[in-house]
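The values are calculated or read from the model by the stated rules, or taken from the named source; none is laboratory data. This one's a predicted model, so the numbers in the text were calculated from it and none came from an experiment. No Cβ is skipped: glycine too gets one built from the backbone with ideal geometry, and neighbour counts run over all protein chains shown. For accessibility, only protein heavy atoms count, side chains too; no ligands or nucleic acids. Shrake-Rupley method; radii C 1.70, N 1.55, O 1.52, S 1.80 Å.
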Amino acid sequence: MNVNYEKLDNVTGEITVTLEEKDYAGKVSKQLKEIGKTHSEPGFRAGHVPAGLVAKKYGAAVKYDVINKETADAVFNYIKENKLQVLGQPIPESDNEFKLENSDFTFKFKVGLAPEIDNHVNKDLNIPYYTIKVTDEMITEQIEGLRQRFGRQVPGEETEPNAVIKGVITELNPDGSVKEDGIVVENGIISPAYFASDDQKKLFEAKHPGDVVVFNPAATCNTNPNEMSSMLNIDKNQVEEHKGDFNFEIKEIIVLKPAELDQEFFDNAIGKDKAHNEEEFRSAIKDLLELNLKNDSNYRFTIDAKAVVENAVGNLELPEAILKEFLIRQNDGLTKENIDEEFEKMRGQLSWDLIRDNIALQFGVKITEEDLMNEARGVVIRQLMQYGAAGLTDQVVDKYASEVMKDDKNREMLSQNALSRKVFEVIRENVTLDNKEVSIDEFRALFAPEAKAEA
């Protein structure tokens, strides 16, 4: 067997595999003997079928399979042994002839090669890094939010924006009189803060127990069947019949009393004994805000670093014809008619993946099992938090993370995420950072161009 390689241009090569009969005949013979041992034929038990009959019935198929395998192995072994940076997969050339009656065969394959990249990741490359300044106002706002979260519901004398109001809901006629046989809900509950209509919200401002408010339940929720049926204790199919006004006789007002700045609140909000007075608590909140905002800063860095590095690298030459054919073979939705348009959508990500992999190679970035586990833990925590799970133990997180890692597709996704994260870390460590302290509003403004472009 002979395997030859020729580089056709910067990003395209050709591998030629030549097989002689001696390269595959022994393996064909061996497989036919195995078939003779295990297959029976009419009039013959397994192991007693004449070799000529086995060869006549199975010879062509076995020869075809063996030659295909020998050729594929030769191509991929050559790529591996010669460390060719191939994109996609080798594509057999259209003029390859495969006539089984022949003894010798020659097959040619086009291969797409990764372009040579100078990624410019060194101290001569400047990339901005934005640190968000934590202000006293931000700390106070965070504390007030926590006070609301850990507050208590208590009876109130006057309605407040977030009050829960209990009372009797009574249906009215168009003239404002009580509707005979109309709906009466003795234990009605409403939360005006969630009304869709500001006009309906205002009707309940500065009200007291004993007051009667005329309101329109349909207007509070844009006639949402689920919300109206819940408020009026009726079937969803009946809501269209009750779109008029109702009385609400206020019996009780429940308001949220913010938590006091005491030890119980400090322990609930940030953990036991993490703070013992308001000064220590504010300092702890500042640290938490800085930690969260650092994650935002790092995310912004990935955007800026990608743009700066891509600009330094410039446009990459890609083996477009080979990649397009490979993509068509791999994706049912891609055809010769739409591949040009779809490829242009993919080009940016394909180019960045090549640059990222090149940076990983330059700095020896390796993905370990622990890296995958950390990524899986993050996925699990985010998913469970979406469903309101709190107080997650390491044992619970690790259990679900291990389940996530059992799926091969998940592992590939986790590997790609871990690789991207570690590549951006090495970029940050090996370039010159233009550190800039900004306000939260200035930081948010950085995303305005991207938001406008996406719109």
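Residues in segment 407-418: is at least one open to solvent by less than 60 Å² (accessible area, probe 1.4 Å) and more than 23 Å from the chain's Cα centre (by Cα)?
Within segment 407-418, not a single residue is open to solvent by less than 60 Å² (accessible area, probe 1.4 Å) and more than 23 Å from the chain's Cα centre (by Cα).
For the condition assigned to a helix (DSSP H, G or I), open to solvent by 60 Å² or more (accessible area, probe 1.4 Å) and modelled with pLDDT under 95, what is the one hit in 337, 375, 341?
341
If I ask for residues that are polar (S, T, N, Q) and over 23 Å from residue 86 (Cβ atoms), which ones from segment 329-383 would you list?
335, 338, 368, 374, 383 - these are the residues of segment 329-383 that are polar (S, T, N, Q) and over 23 Å from residue 86 (Cβ atoms).
If the requirement is being at pLDDT below 90 and either touching a Lys or Arg at 6+ places or on another chain (Cβ under 7 Å) or assigned to a helix (DSSP H, G or I) (or both), which of these qualifies: 88, 47, 26?
Exactly one residue qualifies, and that residue is 47.
Just to be sure, is residue 171 over 14 Å from residue 256 (Cβ atoms), in contact (Cβ under 8 Å) with a residue 40 or more places away in the chain and in contact with a His (Cβ under 7 Å, 6 or more places away or on another chain)?
yes
Exactly one condition in (1) under 16 Å from the mean Cα position of the chain (by Cα); (2) of a type in the set (Ser, Thr, Tyr); (3) open to solvent by 50 Å² or more (accessible area, probe 1.4 Å) is false for residue 393; which is it?
(1)
Among the residues that make up segment 84-91, is at least one of them of a type outside the set (Gly, Ala, Ser), open to solvent by 50 Å² or more (accessible area, probe 1.4 Å) and within 50 Å of the chain's Cα centre (by Cα)?
Yes: segment 84-91 contains one or more residues that are of a type outside the set (Gly, Ala, Ser), open to solvent by 50 Å² or more (accessible area, probe 1.4 Å) and within 50 Å of the chain's Cα centre (by Cα).
Please pick out the residue among 200, 153 that is open to solvent by 80 Å² or more (accessible area, probe 1.4 Å), more than 30 Å from residue 438 (Cα to Cα) and polar (S, T, N, Q).
Criteria check complete, one pass: 153.
Is there a residue in segment 120-136 that is without any contact (Cβ under 8 Å) to a residue 40 or more places away in the chain and either open to solvent by 80 Å² or more (accessible area, probe 1.4 Å) or outside any helix (DSSP H, G or I) (or both)?
Yes, segment 120-136 contains a residue that is without any contact (Cβ under 8 Å) to a residue 40 or more places away in the chain and either open to solvent by 80 Å² or more (accessible area, probe 1.4 Å) or outside any helix (DSSP H, G or I) (or both).
I need the full set of residues from segment 208-230 which are in a helix (DSSP H, G or I) and either under 16 Å from residue 251 (Cα atoms) or out of contact with any strand residue (DSSP E or B) (no Cβ under 7 Å at 6 or more places or on another chain) (or both), in order please.
218, 219, 220, 225, 226, 227, 228, 229, 230
Return yes when residue 6 is surrounded by 12 or more Cβ atoms within 10 Å (Cβ to Cβ) and acidic (Asp, Glu) and no when it is not.
no
Please pick out the residue among 61, 72, 25, 46 that is under 47 Å from the mean Cα position of the chain (by Cα), over 30 Å from residue 320 (Cβ atoms), surrounded by 12 or more Cβ atoms within 10 Å (Cβ to Cβ) and without any contact (Cβ under 8 Å) to a residue 12 or more places away in the chain.
After ruling out the rest, the residue left standing is 61.
Identify all residues within segment 245-275 that are within 43 Å of the chain's Cα centre (by Cα) and either free of Cβ contacts under 8 Å to residues at least 12 places away in the same chain or assigned to a loop (DSSP other than H, G, I, E, B) (or both); write none if there are none.
Within segment 245-275, 258, 259, 260, 261, 262, 264, 267, 271, 272, 273, 274, 275 qualify.
With surrounded by 12 or more Cβ atoms within 10 Å (Cβ to Cβ), at pLDDT 90 or above, within 30 Å of residue 332 (Cα to Cα) and charged (D, E, K, R) as the only criterion, which of 428, 444, 347 stands out?
The match here is 347.
Going by what's in this entry, would residue 205 be described as assigned to a loop (DSSP other than H, G, I, E, B) and free of Cβ contacts under 8 Å to residues at least 60 places away in the same chain?
It is true that residue 205 is assigned to a loop (DSSP other than H, G, I, E, B) and free of Cβ contacts under 8 Å to residues at least 60 places away in the same chain.
Answer yes if at least one residue in segment 178-192 is polar (S, T, N, Q) and surrounded by 13 or more Cβ atoms within 10 Å (Cβ to Cβ), and no otherwise.
Within segment 178-192, one or more residues are polar (S, T, N, Q) and surrounded by 13 or more Cβ atoms within 10 Å (Cβ to Cβ).
Do we find that residue 140 is among the polar types (S, T, N, Q) and in a loop (DSSP other than H, G, I, E, B) in this structure?
Considered against the rule, which asks whether it is among the polar types (S, T, N, Q) and in a loop (DSSP other than H, G, I, E, B), residue 140 comes out as no.
With respect to residue 159, determine if the residue is β-branched (Val, Ile, Thr), assigned to a strand (DSSP E or B) and touching a residue at least 60 places away in the same chain (Cβ under 8 Å).
no
Counting only residues that are exposed (fewer than 13 other Cβ atoms within 10 Å of the Cβ) and either among the small types (Gly, Ala, Ser) or touching a residue at least 60 places away in the same chain (Cβ under 8 Å) (or both), how many does segment 137-147 have?
Adding up the residues that qualify gives 2.
Just one of 323, 350 is among the hydrophobic types (A, V, I, L, M, F, W, C), under 20 Å from the mean Cα position of the chain (by Cα) and within 29 Å of residue 119 (Cβ to Cβ); which is it?
That would be 350, the only listed residue that is among the hydrophobic types (A, V, I, L, M, F, W, C), under 20 Å from the mean Cα position of the chain (by Cα) and within 29 Å of residue 119 (Cβ to Cβ).
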